[in-house]
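One structure is given here, and the rest of the page talks about it.
The values are calculated or read from the model by the stated rules, or taken from the named source; none is laboratory data. Keep in mind that this is a model prediction, so the values were computed, not measured. Neighbour counts run over all protein chains shown; Cβ positions are idealised from the backbone, glycine included. Surface accessibility is based on the protein's heavy atoms, side chains included, excluding ligands, DNA and RNA. Shrake-Rupley method; radii C 1.70, N 1.55, O 1.52, S 1.80 Å.
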Amino acid sequence: MDKLNNTARILFFCLLSFFCASADIAGETVSPGQDIIYKWKPLHVNGGGFTNFVIINQKEPNVVYAGIDVGGVYKSTDYGDSWIPVNKGLQWPTDRLAAALTIDPKYGTLYLGVGKSPRRGGIFKSADDGKSWQLLTRKVRFERNGVSRPRGKGLIVIDPFDPKTLYAGSYKDGIFKSTNGGNTWLRKGLEGKRITSIVIDRADSKTLYVSSVAGREEGEHFQGGIYKSADGGDTWKQIGAGIDDVHQLAMDLSDNAILYAACGAAGIMKSVNGGNTWIEKNNGLEGLLSARMRLNNIKYVSLAVDTKKPGVIYAGSGERKGQIYKSVNGGDVWIKLTGNNKNIYPDGWWIKKTNWPGNDGYFANCLSVDPVDSDRIYVSGRSGIWRSDDGGLTWRPKVKGLEATCMNQIIFDPKRPGLFFVGNTDWIFFRSADGGKTFDRSLKGLGSWDAKEDRDIWNAYKVKNGLCFAIDPRHEPPVIYLGGGASGINSGAVFKSTDGGESWQAANTGLPVAAVTALAIDPLNFHTVFAAVKERGLYKTVNGGKNWERTNLGGDTVFSTTDNVIAIHPKNNNVMYVLDKGNGIYKTIDSGKNWQIISKDLPQDGIKGMDQFVGGLAVDPVNPDVVYAGLRKHGVYKTTDGGKKWKKVTPPYMLHGGAMSIDTADGSLYIASVPGVGDEDIGGFVPGVYKSADGGHTWLAVHNDDLSAISLKVTSLAIDPHSKGKIYLTTQGNGIIVGEPYKYSQRQK
């Protein structure tokens, strides 16, 4: 068993940093002081991202689990009415890519499959209802990415007669089996198949059925189908001639010989003789085409059998205009449940109609039926969790606390307490006027992929992700600049709002169509704004966005990644620093006319290795020559002479220098030292948020155990200018997290 006790390791190093009285760290001495214990909680932006599964505890049906494609596992104890994250022990990033979950019906043990093939994956176990997770194996890799990729229920299954016997279906690596509760796993064939589900015969647990999908990947065509084993996985034979793309299998509760298969664009197939022969059951289903025309058609991907009523079965579709169907006669006739928006009640949720069940952007990935009240049905997919309490007649979102949203930069209005804006992947941005108690968003004039309004603007700029902001606070309401873009396409723009974010106008004359990854407004001349444009360089406007001109930084500046930094000194606007992640740090002392690179003496591998989560820059608000730079695998460096000389100021356990910010009230520096992509298992590294109140001489951990259970995928860190010590973190897949100090513990000598 390649087991790693991450929790113990983290606690050990946290205690080490908490209680050492005098230690040599980065050439300096740590003095006795106080450690800050923070209270962390997620803000309720409420859902929006792809949810891979929704699984009900069969013994306690009020307990439900949801898996986020980038946000880990969430738990509800009130039938989905509210959710909390349960990620303690799951490292970021790969372990938070939740792909599959099953619950031992006898002992309540949870088994979680994670990963992103072909990188690493694994299976975790929880014996305390999700409060903590322990790694069982890295051998079994799953795949949580991509609309058609297999994930959800049925990828990990438990023998009904022997709870120590488990089977797992890997993406590409075939079937695995454990006979000792997951401690060790053996490969059991079907290598190269994209496994989507496993079904165990309830009467004879040596009889197994496996489904796999067809498709194309990296130039390779692969075929799917249905496979059967009569000897516990030792040997397999393919069944169902002509069936080559199967996303889900389900077994009838009244007769083990009856099987259903969700076969993508071919619809639903049924067998009444243990899989020997199959017949189409598509009466009432829509969007079915001949096999040669199925590539971009509607696909039927999910199934759920009613736990109380024989012959009642639900099916979900995706790819486009995902629907939920119901049959009360074993699939002979299907009724569409989600074809009428009048049956969908958003209950005030901000999500657009296009992402409601039954609409163009929806995808019904996983269906689950309550074992006690079978009129209660859950569906997960492209927009969180939806629930029906009347057998599918009406549907409501159940996303309170389900923070599947991927957040980018957050910015506070310096004059108006409680007002902030935060960029978002897919949904562009959110605004709060009350410190995060409530959120709204107006896309008027922005255009959006999920809205019909302003379609011409969407076609021109294709802005899908809000990446950065700048605020001119002089007016009421304030003037806001928003920079955005999208991945994988030529997209991006700057938009300007003169009414506090109610409406927007494109402000792009002179700018190329490319993602805008950082914005900064001159604090002494609010008409001057700088923009970092992906792969195009630095641009400047001196007339509030009416037109832009390129500013030549020199060197190899390309802004190839997001979360770059532009910092203009608040008291001397001639001095300005730019962090181009992956390339270096640039400085001007004449408002951008001339630039010099000041990062040549820093570890270059620490600069080249920066990504969205690692790398940061902060400038002292009083002294423009004092600058902090966060590097990958080299911590934080500091200069006191404007970049001529640098000195490392962080201990080894703070491996990375990530998002950072300086509190203008007292000059304290806060940083998020979190893993970059691929840095999950570096020994001695203690992810978390840290504070230095003395210019990097000493560091205090300001996180407690709650933060690691919520998220450590920090993309930006901001300090509320109107509330002492209040920190806001934006994350990938866990929304916004806010932390406030509530206790000080004296460090022991």
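Within the stretch 330-350, the set of residues being open to solvent by 60 Å² or more (accessible area, probe 1.4 Å), among the aliphatic types (A, V, I, L, M) and part of a loop (DSSP other than H, G, I, E, B) comprises Val333 only. Counting only strands (runs of 3 or more DSSP E) that sit completely within the stretch 654-749, those holding 1 or more residues that are at positive phi, modelled with pLDDT under 95 and open to solvent by less than 10 Å² (accessible area, probe 1.4 Å) correspond to 688-692.
Exactly one residue out of Lys106, Lys88, Lys177, Lys131 is part of a loop (DSSP other than H, G, I, E, B), over 21 Å from the mean Cα position of the chain (by Cα) and basic (Lys, Arg): that is Lys106. Tyr227 passes every criterion in (1) over 19 Å from Asp173 (Cβ atoms); (2) touching a residue at least 24 places away in the same chain (Cβ under 8 Å) apart from (1).
Exactly one residue out of Ile471, Ile457 is in a helix (DSSP H, G or I) and either under 25 Å from Pro721 (Cα atoms) or at pLDDT 90 or above (or both), and it is Ile457. Within the stretch 575-595, the only residue that satisfies the criterion of being loosely packed, with under 15 Cβ neighbours inside 10 Å and either of a type in the set (Val, Ile, Thr) or within 16 Å of Asp625 (Cα to Cα) (or both) is Asp590.
Okay, residues lined up against (1) touching a residue at least 12 places away in the same chain (Cβ under 8 Å); (2) closer than 21 Å to Pro414 by Cα; (3) within 29 Å of the chain's Cα centre (by Cα):
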site: Trp548; (1), (2), (3): yes, no, no
site: Asn552; (1), (2), (3): yes, no, no
site: Thr562; (1), (2), (3): yes, no, yes
site: Pro570; (1), (2), (3): yes, yes, no
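Restricting attention to the stretch 496-551, the residues that are open to solvent by 20 Å² or more (accessible area, probe 1.4 Å), of a type in the set (A, V, I, L, M) and more than 13 Å from Val479 (Cα to Cα) add up to 5. Within the span defined as the stretch 403-414, one or more residues are out of contact with any Lys or Arg (no Cβ under 9 Å at 6 or more places or on another chain), open to solvent by 10 Å² or more (accessible area, probe 1.4 Å), in contact (Cβ under 8 Å) with a residue 60 or more places away in the chain and not in a strand (DSSP E or B). Within the set Gly510, Gly445, Gly423, the sole residue that is modelled with pLDDT of 90 or more and either β-branched (Val, Ile, Thr) or touching a helix residue (DSSP H, G or I) at 6+ places or on another chain (Cβ under 8 Å) (or both) turns out to be Gly445.
When residues of the stretch 372-402 are filtered for being small (Gly, Ala, Ser) and in a strand (DSSP E or B), how many remain? Summing the residues that are small (Gly, Ala, Ser) and in a strand (DSSP E or B) in the stretch 372-402 gives 4.
Scanning the stretch 620-657 for residues that are in contact with a His (Cβ under 6 Å, 6 or more places away or on another chain) and farther than 24 Å from Cys406 by Cα turns up just one, Pro624.
Kindly evaluate Ala250 against the criterion of being part of a strand (DSSP E or B), within 20 Å of Asp159 (Cα to Cα), touching a residue at least 12 places away in the same chain (Cβ under 8 Å) and not aromatic (Phe, Trp, Tyr). It is true that Ala250 is part of a strand (DSSP E or B), within 20 Å of Asp159 (Cα to Cα), touching a residue at least 12 places away in the same chain (Cβ under 8 Å) and not aromatic (Phe, Trp, Tyr).
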